[in-house]
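J.: I have a structure here, written as structure tokens, and I will follow up with some questions on it.
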Protein chains: 2
Amino acid sequence: MKASNLPETSLDRRCENCPVRHHAICSVLDNHGCHALSDIMVHKHFVRGQQIWSDDDDAHVFAIVISGAVKLSKMLADGRQQIVGLLFPSDCLGRAYSEKQQTFAEAATDVELCCFPRQKFEDVLKQHPEVEHALFEKTLIDLDSTREWMVALGRKTASEKMASFLLQMSHRSELTKCPYDRPAPELPTFVLPLTRGEIADYLGLTIETVSRHFTTLRVNDVIRLIDGQTVEVRDPAALASMAEAKD
Amino acid sequence: MKASNLPETSLDRRCENCPVRHHAICSVLDNHGCHALSDIMVHKHFVRGQQIWSDDDDAHVFAIVISGAVKLSKMLADGRQQIVGLLFPSDCLGRAYSEKQQTFAEAATDVELCCFPRQKFEDVLKQHPEVEHALFEKTLIDLDSTREWMVALGRKTASEKMASFLLQMSHRSELTKCPYDRPAPELPTFVLPLTRGEIADYLGLTIETVSRHFTTLRVNDVIRLIDGQTVEVRDPAALASMAEAKD
DNA sequence: CGTATCGTTGATACCTGTCAATCTTGGTGG
DNA sequence: CCACCAAGATTGACAGGTATCAACGATACG
């Protein structure tokens, strides 16, 4: 799908009502200090598959994910692709202090972003060191999880990668659920934000291998595929043990 | 090799004479401001193979690499290992703002470190925002190169990985050479800081595969192995083209 | 209802891992 | 000085996991 340089709607949404107000880096600001950000903020919507920026675009935007999922990817000259990061609500999007983006960014689902002009955003970072510090800590956590994923890419088998991925998605979906929504112990269920091809690009596998392992997990009753995108984890313990050791 | 909790010599070295003074994060401080760091600094030596900290150690040390190479790695329960980062002079070592290390750190060669107690180092970061900013920018660069390496782990073939690794080592060695040392155009030559097994753990391959590809590169006259650890790149262009596309 | 996209399944090939033997190198001690 | 040994590196034979190529099925959409 094609990118549009000037994406769609621009809502005037108040920070006080923002669903990620208390989880994103702006949580270190009080409502007054938050004006520094809200003054330069623009909300934008992207539809599934829409490019947010491309590899060699100038890095003139910085954003916070409000809803949906964004995939960061890199490509080799011959088209092989690797997804190097998945971003969910409250995560930050964009490379501060660089003139160039180093990755592609694409909406994996429909996405709502809180966007800032990068230059102005960096001015805010300078004026509000506590925001820069929050962004720094988030970056350190990103680096930790990126390194964790390197172990999967370099050392895990296909089925271990699949199990690790499904666990990761399962945990991520728990975070966004309100605990009061699930009073009783149910089986973890979530909607995959990626197609089979994207999962393959995330795991360093092919579509066919991903599909085959979905089938294996299904026939072994570890998961149930409710509609191809919706996964119910029927045996969380099995999935967890598969993530680190061969079955 | 075993770790020693209190590594060896503690030199009293002046920052002014430090070989990484103008490349590490302390370069943003003038000689006066540098006292904040030098007051809490201790130089330590580690021999090749010595553990600097282990996976579940408390993160009570932060350091700058002065000489040598450090490998950061992660392990799976069954012993499979993945090197997630290589650190060279002027690079930073240690996880700020975390109580726990998330990786192993081991001296890949004999190493000299400029060590700080983490808590005191974080105090310096608080008092000198320009140092925290420098560390933040270094962390962003780390994240960029980590993501770049994910592409290699997930999507490149063994020979592409080998070529990428050798190019990376070649470029890194150029950085540490004084330009005046090599007035004439010579073939790039460098000493590998890693054993075959460590290279395998970095590339997500086995020792045997690494060794076979070294042999292939040698018989194709792309590289020359001077003594097993010392590599002369006889055909840099071929190496560069191998790094991204199958031969 | 045709078409496009995505996903599944099958047959086969090949790259890399595994297992094992041999070679090289460096260090140690008789 | 040389024999011996340990660790690392190389090479070979073989197996297996994943990629590749291809066909088919499912779903959504106009």
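Taken together, the values in this text are just the output of simple stated rules run on the coordinates, not laboratory data. Keep in mind it's a predicted model, so treat the numbers as computed, not measured. With ideal geometry, Cβ positions are generated from the backbone for all residues, glycine too; neighbour counts draw on all protein chains shown.
J.: Rounded to the nearest 0.05, what FRET efficiency is calculated for residue A:127 and residue A:191 with R0 set to 56 Å and r the Cβ-Cβ distance?
T.: Once the sixth-power term is evaluated, E becomes 0.90.
J.: Here is a follow-up. Angle between the Cα long axis of helix A:129-155 and the longest principal axis of chain A, 0 to 90 degrees, nearest 10?
T.: 20
J.: With a point put 7 Å past each Cα toward its Cβ, work out how far residue A:77 is from residue A:60 in nm, to one decimal.
T.: 3.0
J.: So what is the relative contact order for the range A:114-247, in percent, with contacts set as C-alpha pairs under 8 Å and at least six apart? Intermediate values should be presented prior to the final figure.
T.: Numbers: 107 pairs, mean separation 36.8, N = 134.
Reported as a whole number, the value is 27 percent.
J.: Please compute, for peptide B:150-162, the average count of beta-carbon atoms on other protein chains lying within 10 Å of each residue's beta-carbon.
T.: Working: counts 14, 12, 6, 9, 18, 11, 4, 1, 0, 0, 2, 1, 0.
Per-residue shielding by partner chains comes out at 6.
J.: Specify which residue in the list B:70, B:243, B:190 is farthest towards the positive end of the charge dipole of the protein assembly as shown, using unit charges on the beta carbon of Lys, Arg (+1) and Asp, Glu (-1), about the Cα centre.
T.: Ranked along the dipole, the leading option is B:243.
J.: In addition: For chain B, what does the relative contact order come out to in percent, with C-alpha contacts under 8 Å and a separation of six or more?
T.: Numbers: 395 pairs, mean separation 44.4, N = 247.
That works out to 18 percent.
J.: How far apart, in nm, are the 7 Å Cα→Cβ label points at residue B:99 and residue A:137?
T.: Here the modelled spin labels are 1.4 nm apart.
J.: Would you work out which of B:225, B:40, B:119 lies farthest towards the positive end of the dipole of chain B? Charges go on Cβ: Lys and Arg +1, Asp and Glu -1.
T.: The Cα lying farthest towards the positive end belongs to B:225.
J.: What ranking of B:120, A:126 emerges when the number of other C-beta atoms within 10 Å of each C-beta is taken as an exposure proxy, fewest first?
T.: Listed from fewest to most nearby Cβ atoms, that is A:126, B:120.
J.: If I take the Cα coordinates of the protein assembly as shown and project them onto the principal axes, what are the three extents in Å, biggest first?
T.: Extents along the principal axes: 62, 54, 44 Å.
J.: Continuing with the same structure: Output the 0 to 90 degree angle, nearest 10, between the alpha-carbon long axis of helix B:207-219 and the longest principal axis computed from the alpha carbons of chain B.
T.: In chain B, helix B:207-219 runs at an angle near 60 degrees to the longest axis.
J.: Sticking with this one: Give me the inter-chain shielding for B:67-77: mean count of other chain Cβ atoms within 10 Å, whole number please.
T.: Values: counts 0, 0, 0, 0, 0, 1, 2, 6, 2, 8, 2.
Neighbouring Cβ atoms belonging to other protein chains average 2 per residue here.
J.: Moving on to the next point. For residue A:66, what residues show an amide H to amide H distance below 5 Å, using hydrogens built from the backbone and excluding near sequence neighbours?
T.: HN-HN under 5 Å from residue A:66: A:90, A:112, A:113, A:114.
J.: In whole Å, what three semi-axes, largest first, describe the equivalent ellipsoid of chain A built from its Cα gyration tensor (square root of 5 times each eigenvalue)? Please report the intermediate quantities before stating the final value.
T.: On the way: eigenvalues 214, 89, 55 Å².
Equivalent ellipsoid of chain A: 33, 21, 17 Å, largest first.
J.: Normalise the Cα radius of gyration of the range B:12-146 by 2.2 N^0.38 Å (N = residues in it) and let me know the number. Before the final figure, lay out the partial values.
T.: Working: Rg = 14.5 Å, N = 135, 2.2 N^0.38 = 14.2 Å.
The value comes to 1.02.
J.: While we're here: Place a +1 charge on the Cβ of each Lys and Arg in the range B:156-243 and a -1 charge on the Cβ of each Asp and Glu, then give the dipole magnitude about the Cα centre in debye, rounded to the nearest 20.
T.: Working: 10 positive and 11 negative charges, 20 e Å.
For this selection, approximately 100 debye.
J.: Past 23 Å, Cα to Cα, is the threshold; run B:74/B:126; A:100/A:156; A:138/B:120; A:100/B:126; A:74/A:161; A:44/A:161 against it and keep the listed order.
T.: Numbers: B:74/B:126 30 Å; A:100/A:156 32 Å; A:138/B:120 21 Å; A:100/B:126 29 Å; A:74/A:161 19 Å; A:44/A:161 33 Å.
Cα-Cα > 23 Å for B:74/B:126; A:100/A:156; A:100/B:126; A:44/A:161; rest within.
J.: Output, in nm with one decimal and in ascending order, the distances from the residue B:219 label point to the matching label points of the other copies (7 Å from Cα along Cα-to-Cβ).
T.: Nearest to farthest, the other copies are at 4.1 nm.
J.: Taking the Cα centre as origin and putting +1 on Lys and Arg beta-carbons and -1 on Asp and Glu beta-carbons, what dipole magnitude results for the range B:11-145, to the nearest 20 debye? Walk me through the numbers before you get to the answer.
T.: Working: 14 positive and 21 negative charges, 49 e Å.
Taking the Cα centre of the range B:11-145 as origin, the dipole is about 240 debye.
J.: Still on this structure, I have one more. Suppose R0 equals 30 Å; then what is the FRET efficiency for residue B:171 and residue A:144 from their Cβ-Cβ distance, rounded to the nearest 0.05?
T.: Working: r = 26 Å, r/R0 = 0.86.
With a Förster radius of 30 Å, E is 0.70.
J.: So, one more: Rounding to the nearest 10 and keeping the result within 0 to 90°, find how far the Cα-based axis of helix A:118-127 lies from the longest principal axis of chain A.
T.: In chain A, helix A:118-127 runs at an angle near 70 degrees to the longest axis.
J.: While we're here: In debye, nearest 20, what is the charge dipole magnitude of the protein assembly as shown about its Cα centre with +1 on Lys and Arg Cβ and -1 on Asp and Glu Cβ, if you could check? Intermediate results must be reported in sequence, preceding the final value.
T.: Details: 56 positive and 72 negative charges, 197 e Å.
Charge dipole, the protein assembly as shown, about its Cα centre: 940 debye, nearest 20.
J.: For residue B:230 and residue A:235, FRET efficiency with R0 = 51 Å and r from the beta-carbon atoms, rounded to 0.05? Write down the numbers at each step before the final one.
T.: Working: r = 52 Å, r/R0 = 1.02.
Calculated value: 0.45.
J.: Go through B:103, B:135, B:162 and say which Cα lies farthest out towards the positive end of the charge dipole of chain B; charges sit on Cβ, +1 for Lys and Arg, -1 for Asp and Glu.
T.: B:162
J.: Could you give me the ³J(HN,Hα) list for the range B:95-112, computed from phi with Karplus coefficients 6.51, -1.76, 1.60 and θ = phi - 60°, whole Hz, x at Gly and Pro?
T.: 9, 5, 6, 9, 7, 10, 6, 10, 9, 7, 10, 9, 6, 7, 10, 4, 9, 10
J.: Same structure, new question: Count, for each residue of B:42-53, the Cβ atoms from other chains sitting within 10 Å of its Cβ, then give me the mean as a whole number. If you can, show how the numbers build up before the last one.
T.: On the way: counts 0, 0, 0, 0, 0, 0, 0, 0, 0, 0, 0, 0.
Average neighbour count from other chains, rounded to a whole number: 0.
J.: One decimal, nm, shortest first: give the distances between the label point of residue B:237 and those of the same position in the other copies, each label point 7 Å from Cα along Cα→Cβ.
T.: 6.2
J.: Between copies, how close do the residue A:67 label points come, placed 7 Å along Cα→Cβ, listed in nm from shortest?
T.: Ordered by increasing distance: 6.0 nm.
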